[in-house]
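Read the structure below first, then the notes.
The values are calculated or read from the model by the stated rules, or taken from the named source; none is laboratory data. It should be emphasised that the depicted structure is a prediction, and the values quoted were computed from it without experimental measurement. Glycine also receives a Cβ, built like all others from the backbone with ideal geometry; neighbour counts cover every protein chain displayed.
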């Protein structure tokens, strides 16, 4: 369903999208800030800032923020992805202005005084070099899945921040937190989406009043494109003692969701491995019992687009899984889907697009993501119509063009094989 919306850019560079939701008891607020880890050395300060952002300002401590949030009937949360920092707020409609005021206070006048116990004496925004260092987040050793993913991305596309190993956790000073906030948590390059029943003009006035004083940016914390637009194909086999299972991961060519050919590729991907009746699931799990987890997904971010197959099975099965995956890819690329498969995945895709917008909170998050990528907020409903118009021959053409094993990097990690590349 197409929703009425208004879109503008404030004088500080903040893009604002207001989506009307008449009669909605809640207002949904989503702030998307570019926040990619472009420098592995900043991993600790980046994680700590994200954990502490929203817990206090120069005028409110943690308890005051919690009390104000409760008074407004609001819920605040922060999520960090490989690309972005997402601040979300759900609030009773009458609390919209108060929540925007609180959000502006946290962004314009941040205070990172609420640091871990090992941080030493607390300091406010004017903290100097004497402020004690905060404990970095607990280290998360890279497991076999992470090691495999980094190897695949590096081999397929070349060295890139997505595949870089973060620096070991290190103490973080308050000076570093404030410096990163000034550089990264900025309006220019960020997108604010508000979904509410209030009139867009009134909402824009409130946003301008409370977030207009926020300054800075753009931060530059965006993912650079991959060195290679298409993955380098081949076979990569890694050895990881004690992994306890066999893992497979692929990287194949793809196109972004805004490309006219994306819908057909999306359906081809679903036939391949996007649901319980897909070819990979039937072959690897049901017929041969080689894998207990099978999926195929289209990955997309500012770095690029790629088709990814992921499987997990018992130790010692990596080579057999790789062989079966290669066969399934080749068969689907050569012969295309059956009419029944095409119709099944078309219905599945249409249902999934409706499910993605099932609640106002989910819809707001999805629309904010579209807006942050420069897409129309009504992209998903329009995409559902495009999916319904894709023909079987178009799906077959996409399969022939993108699923050939000769264009895919297939990588495995297992207990029972030596690390080799071929």
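Does the range 326-334 contain at least one residue that is within 26 Å of the chain's Cα centre (by Cα), in the same structural domain as residue 397 (by TED's automatic domain parsing) and surrounded by 21 or more Cβ atoms within 10 Å (Cβ to Cβ)? No, that holds for no residue. Beta carbons closer than 6 Å, at least 6 apart along the sequence or on distinct chains, pair a first residue in the range 33-44 that is in a strand (DSSP E or B) with a second that is surrounded by fewer than 19 Cβ atoms within 10 Å (Cβ to Cβ) for 34/222.
Condition check: assigned by TED's automatic domain parsing to the domain that holds residue 111 and under 18 Å from the mean Cα position of the chain (by Cα). Does residue 170 satisfy that? No; evaluated as a whole, the condition is false for this residue. Taking strands (runs of 3 or more DSSP E) as the structural unit, those lying wholly within the range 188-286 and holding at least 2 residues that are over 19 Å from residue 409 (Cα atoms) correspond to 191-196. If you go through the range 233-244 and keep only what is modelled with pLDDT of 95 or more and exposed (fewer than 15 other Cβ atoms within 10 Å of the Cβ), you end up with just 234. Among the residues making up the range 154-175, those that are part of a helix (DSSP H, G or I) and surrounded by 20 or more Cβ atoms within 10 Å (Cβ to Cβ) are 156, 157, 162, 174. If you go through the range 206-224 and keep only what is closer than 13 Å to residue 96 by Cβ and surrounded by fewer than 14 Cβ atoms within 10 Å (Cβ to Cβ), you end up with just 209.
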